[in-house]
Amino acid sequence: MNLTKDEEKAVKALKRLATKWPKSLWLFSASGTLTVMKKNNDGEKAIVPGRAGRNGEGAFDPDYIVDSIKIENDGGDW
């Protein structure tokens, strides 16, 4: 696939960011919003027990939202 110079730069920038991304943060894609989340004190993705979530395990805790980034995305599987 042919990319423009700007597209190539954007992909390279994301790859550089990935090499220094802190293990205490993770990204969550919800309804097209890319959300930066902080992990809990145990280094795990924080969930709210009892709230509806995938496989009944609970939903991610919105209190751990750090920020959101406006990069178009989708959390669905192929």
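No value in this document is a laboratory result; all are computed from the given coordinates. On a predicted model such as this, the values are computed, not experimentally measured, just so you know. In this analysis, Cβ positions are derived from the backbone assuming ideal geometry, glycine residues included, and neighbour counts consider all displayed protein chains.
Report, to the nearest 10°, how far helix 5-20 tilts away from the longest principal axis of the Cα atoms in the chain, using its own Cα long axis and a range of 0 to 90°. The angle comes out at about 40 degrees. Mean-square fluctuations from a GNM of the chain, with a 10 angstrom spring cutoff on Cα atoms, peak among K45, K23, K12 at K12.
Other residues with beta-carbon under 9 Å from the beta-carbon of W26 carry, at +1 per Lys or Arg and -1 per Asp or Glu, a net charge of +4. Considering only A46, A30, A18, the mean-square fluctuation computed in a Gaussian network model of the chain, springs between alpha carbons under 10 angstrom, is largest for A18.
Restricting attention to the chain, the count of lysine pairs at 8 or more positions apart or across chains with alpha carbons under 16 Å apart stands at 7.
Please give me the summed charge of the neighbours of L3: other residues whose Cβ is under 13 Å from its Cβ, Lys and Arg +1, Asp and Glu -1.
Numbers: positive: K5, K9, K12; negative: D6, E7, E8.
With Lys, Arg at +1 and Asp, Glu at -1, the net is 0.
Computed from phi, the 3J(HN,Hα) profile of the range 28-38 under the Karplus parametrisation 6.51, -1.76, 1.60 (θ = phi - 60°) reads 10, 9, 9, 6, x, 9, 8, 10, 8, 10, 9 Hz, with x in place of Gly and Pro.
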